[in-house]
Amino acid sequence: MKPSLATTLRAPVAIGVLLLAIVAALAAGQLVAGLVAPSSSPFLQVGDAVVRLAPAPVVEFAKSAFGTADKPVLLVGIGVVLLLVAVGAGLASRRFATVGQVTVGVLGVLGIAATATNPTFAPTDLLAPVVAAGVGWWVFRELHRRAMEYTGSADGITRRRFLQATAVVGGLSVVGGGAGVLLGRPTIDSRAVVTARLAAASVARETGAGTDFGLTPYLTPNTDFYRIDTALRVPQLRAEDWSLRVHGMVDRELTLTFDDLLARPLVERTVTLTCVSNDVGGDLISTARFVGVELADVLRAAGPRPGADQVFSTSSDGWTAGTPTEVLLEPGRGALLAVGMNGEALPTEHGFPVRMVVPGLYGYVSATKWVTDLELTTFAARESYWEQRGWGERGPIKTEARIDLPRPFAAVPAGAVTVAGIAWSQPRGISRVEYSVDGGPWAEAELADTVGGDTWRMWRGSVEVGAGSHTMRVRATDGTGALQTERAADVLPDGATGWPAVIFTAR
Ligand SMILES: Nc1nc2c(c(=O)[nH]1)N[C@H]1C(S)=C(S)[C@@H](COP(=O)(O)O)O[C@H]1N2
Ligand SMILES: [Mo]
């Protein structure tokens, strides 16, 4: 039976039809991505595009407001936008399919465009968004037609046909989307193999040890290590498939496999990584014992040409960093191509199988995870990911201190109060930390041992306070004798400065 011209879908039906079309499209995309290339999932590709295009202040806000949860927040946000689109376009297609059809088509084109503009784009990545767009288009047309039929005639048969169609689409979406997610997961545990190989390998251990005062641990467990990256889906690489190309302004272009890397001398180095986005008092800083090969040796093997002042590194997911060549070649700097972290292979989120670790530089200019490409070039010729977004070209770490005790606005008993925290100034190290309460004289804190200047240093002390509110400030001096600057600076463009302060109450 033909629906009459006056047929108007009920609002929930119209919205539901559009929503199902979007869900079916995403599920189909996920399934094809799982079969062909897991990172080509249209949902993730759109998320990636949002991350790429987001203005710097928005990204900084997301990082400080949501921290490591910024990725789930973004994906939920995209879901909410799709829901709103479904409601709007659904309501607009209660009588005619046109608006809904156009909306589904535009979403499909957006998915394809997001994929095609990804820096890691490969032609096969187009399969998932194209199939998704086709499925969404077709499902919307079919469901909308059936909904019109049953609304217009209101007989049991057309109603059942419509409901059956929605059940089939919904069921297939759940099964297909779920299968796509499962298919996208790695099948062989390459990490376990690498962990075993590292355990069996001979590694030049670092001498010396670091200690702490039982508060912030000197070595951060891998599960607590801060994580910052632009990857919505953590790149799932296998050591067996990995290779690193060293090229550009070099005498001999090199390609190293993972076996080539492990055939080189392995060294262990304890390094504190620090994010340039770490606010004064922030927690985007952690320390690990990294195992890897000397990056300087690999660069020298390729033979950098004079004038190549930048080593431009690229990760498998297209993120880039630019590191000064002279820093990487500096004697004693100790930059690594790291493969191990705290006694195991690098965790997937921290760059498995290989990442860069450069003591003394903020992560955004040096710590490339999932690194697959090193190009010797110039700073004039190429701009890296965060540099393009307004951050400084070079990122030497600034001397900073943090107060971990007392906690902000803590209430403590009057009398002797323990104060403690961390200070860092890689690679110069920390020679002194001082604290002052309520503008009083500076007292020198006790310092814990460190492996060397490439890590943070724990400090503690004690202050005598009477009842009332108090403010404590802290300042560190680096290994060269330079006092940390008091001038407050924001994280943008090249790292926060200022003496940290904490307000607490004694009773
Ligand atoms: N591939 C890739 N590597 C990356 C990043 C990234 O976004 N992608 N972020 C960098 C930044 S800004 C920092 S601070 C460090 C953080 O390393 P972590 O997550 O292991 O702590 O990784 C760096 N390496
Ligand atoms: Mo960072």
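Pairs of Cα atoms nearer than 8 Å and 6+ residues apart set the relative contact order; for the chain it is 14 percent. Inter-label distance, W138 to R159: 3.0 nm, where each label sits 7 Å from its Cα along the C-beta direction. Taking the accessible area of the chain, probe 1.4 Å, and keeping the other protein chains in place, the carbon and sulfur fraction comes to 60%.
The residue among Q236, T272, Y226 whose Cα reaches farthest toward the positive pole of the charge dipole of the chain, with charges on the beta-carbon of Lys, Arg, Asp and Glu, is Q236. Placing +1 on the Cβ of each Lys and Arg and -1 on the Cβ of each Asp and Glu in the chain, which of A204, S425, G184 has its Cα farthest towards the positive end of the resulting dipole? Going by the Cα projections, it comes out as G184.
For the range 363-448, the set of GluC sites (Glu not before Pro) satisfying both a DSSP loop assignment and a count of at most 15 other C-beta atoms within 10 Å is given as E383, E393.
A simple charge model with +1 on the Cβ of Lys and Arg, -1 on the Cβ of Asp and Glu and nothing else charged puts the dipole of the chain at about 2180 debye relative to its Cα centre.
With Cβ to Cβ distances under 15 Å as the rule, what net charge do the other residues near I228 carry (K, R +1; D, E -1)?
Summing Lys/Arg as +1 and Asp/Glu as -1 gives -2.
As a ratio to 2.2 N^0.38 Å, the alpha-carbon radius of gyration computed for the chain takes the value 1.19.
Ranked by the mean number of other Cβ atoms within 10 Å per residue, highest first, peptides 36-46, 280-290 order as 36-46, 280-290. E393 to L35: FRET efficiency via 1/(1 + (r/R0)^6), r the Cβ-Cβ distance, R0 51 Å, to the nearest 0.05? Computed FRET efficiency for E393 and L35 comes out at 0.75. A 1.4 Å probe run over the protein chains yields, for the chain, 44 Å² of accessible area per residue, whole-number rounding.
Peptides 126-132, 416-422, 9-15, ordered by how many other C-beta atoms sit within 10 Å of their residues on average, highest first, read 126-132, 416-422, 9-15. Protection proxy ranking for 224-230, 209-215, 134-140, using the average of other Cβ atoms within 10 Å per residue and placing the highest first: 134-140, 224-230, 209-215.
The values are calculated or read from the model by the stated rules, or taken from the named source; none is laboratory data. This one's a predicted model, so the numbers in the text were calculated from it and none came from an experiment. So basically every Cβ, Gly included, is an ideal-geometry build from the backbone, and we count neighbours across all protein chains shown. Side chains included, ligands, DNA and RNA excluded: accessible areas come from the protein's heavy atoms. Shrake-Rupley method; radii C 1.70, N 1.55, O 1.52, S 1.80 Å.
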